[in-house]
Amino acid sequence: MLTDTQREELKEMGAEQARVHLLQWQGRGPGAEIGGFKCGSMNRGDIFDWLAEQEHADERRQFWILFWAIIGGLAGIGGVIAAVYFGLHPK
């Protein structure tokens, strides 16, 4: 389980750099201790869990961006249809 300090350091490091850091250490099992951090060593499995959380958050963020882009596109299409209709059928 990561401490708040460890989570903060990983957040500052970023997910991509954390992956590179994992590749540089010899311990391969999920229980391996990974050193080279300011706050000391961390458990490889805990880092993997943190990376999975980050991936999940990124997927959620991308979903909502796509959702609102589709809503905006549909609203724009509706506006164009309304403009064409009312332009061709003035009162």
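The values are calculated or read from the model by the stated rules, or taken from the named source; none is laboratory data. Quick caveat, the model's predicted, so the values are computed rather than measured. All Cβ positions, glycine included, derive from the backbone under ideal geometry; neighbour counts span all protein chains shown.
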Original post:
Do the conditions hold for Leu23, that is, is it within 24 Å of the chain's Cα centre (by Cα), exposed (fewer than 10 other Cβ atoms within 10 Å of the Cβ) and more than 19 Å from Asp4 (Cβ to Cβ)?
Top reply: yes
Original post:
Residues of region 1-17 being over 16 Å from Glu55 (Cβ atoms) and in a helix (DSSP H, G or I), which ones?
Top reply: Asp4, Thr5, Gln6, Glu8, Glu9, Glu12
**OP:** Please find, within region 26-58, the residue that is farthest from Asp4 (Cα to Cα) out of those that are exposed (fewer than 11 other Cβ atoms within 10 Å of the Cβ) and among the basic types (Lys, Arg).
**Re:** Arg28
Original post:
Can you name the number of the only condition in (1) under 15 Å from Lys11 (Cα atoms); (2) within 21 Å of the chain's Cα centre (by Cα); (3) modelled with pLDDT under 95 that His56 fails?
Top reply: (3)
Original post:
Counting only residues that are in a helix (DSSP H, G or I) and over 13 Å from Trp50 (Cα atoms), how many does region 18-38 have?
Top reply: 3
